[in-house]
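Heads up, the thing below is written out as structure tokens.
Since every read-out is calculated from the coordinates, none of them should be taken as a lab result. A quick note: this is a predicted structure, and the numbers were derived from the prediction, not measured. Quick reminder, even Gly has a Cβ in these numbers, built from the backbone with ideal geometry, and neighbours come from all protein chains shown.
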């Protein structure tokens with residue numbers, strides 16, 4: 001059942017169990033260079049419960065959109081691109097929100113590992129259950145998108161709580177496996193200094209966060225919102241300038257060993 005435009009838990013289970021050898025995807029990008037280490041094949045899955053005001057791909061939100069692709073077809077495509085991956089590259093699954101299809105993705109990642117292909121999961125941490133943990137356990141690198149440290153602001157930005165995002169981070173840290181944090185910097189929405197420091201303090205003792213990436217807000221997806229007949233509420237928000245990015249990077253460098261603007 002969909003309530004207020006969002007799936008309730010039983011729908012998440014349904015989506016996850018649907019077509020167990022297939023992924024519901026939106027699109028595939030070859031030679032991606034901003035979605036993990038090296039050159040990567042990026043699979044954008046369909047369906048997301050967050051309603052981020054700045055989402056660049058609102059067409060990925062609909063859990064019943066996109067199309068199904070067999071796992072083996074995706075693996076074969078990745079194998080063909082393997083020469084370009086070289087040492088550091090591989091396959092990244094982004095979204096939408098990949099955790100909604102966690103059991104199928106576990107099978108996909110296991111197959112990629114059989115072909116000696118590195119895996120990255122780019123997730124907003126929407127949920128954490130046993131199946132999500134099993135997927136994280138076969139994920140080489142987790143890129144966790146933290147939308148905001150403050151829960152009230154997080155709800156303003158996404159429509160939902162950030163509680164599970166931090167639970168996902170906690171579980172990942174407990175496994176000793178590598179993680180990158182990603183933070184979209186939206187002037188007036190996610191650039192409050194006190195909350196940036198709070199985020200840094202929260203994660204400062206994590207040993208397995210390799211990097212924090214600052215993603216500058218942009219308006220490249222506005223035309224998609226308009227095409228879908230959806231209201232874009234950040235029309236009057238300008239992207240952060242170079243000085244703002246530098247200031248935020250300096251704050252985060254107090255807490256993280258590697259801070260980059262992506």
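One table, with the values for the structure above:
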| read-out | value |
| --- | --- |
| Label zone at residue 219 (point 7 Å along Cα-to-Cβ), backbone N below 19 Å, region 242-262 | 242-245 |
| Shape call, region 21-95: gyration tensor on alpha carbons, a/c limit 1.5 | oblate |
| Max mean-square fluctuation residue, GNM over the chain, Cα-Cα springs under 10 Å, options 41, 230, 61 | 230 |
| Inter-part distance where region 228-262 and region 145-224 are each reduced to a Cα centre, Å | 11 Å |
| Sorted peptide list for 206-214, 141-149, criterion being average Cβ within 10 angstrom, highest first | 141-149, 206-214 |
| Label-point separation, residue 129 to residue 201 (7 Å along Cα→Cβ), nm | 3.5 nm |
| Approximate spin-label separation residue 242-residue 156, in nm, with each point projected 7 Å along Cα-to-Cβ | 3.0 nm |
| Global form of region 123-262, assessed from the alpha-carbon gyration tensor, a/c cut-off 1.5 | oblate |
| Rounded FRET efficiency, nearest 0.05, which uses the C-beta distance separating residue 257 from residue 228 and R0 of 41 Å | 0.55 |
| 222 nm mean residue ellipticity, helices alone, for the chain (DSSP H n ≥ 4; -39,500 (n - 2.57); rounded to 500) | -10500 deg cm²/dmol |
| For volume of the Cα convex hull per residue in Å³, calculated from these coordinates, the label among (1) 122; (2) 158; (3) 133 | (1) |
| Residue 177/residue 33 FRET efficiency (R0 22 Å; Cβ-Cβ; nearest 0.05) | 0.45 |
| Protection-proxy order for peptides 123-134, 77-88, each taking the mean of Cβ atoms within 10 Å per residue, highest first | 123-134, 77-88 |
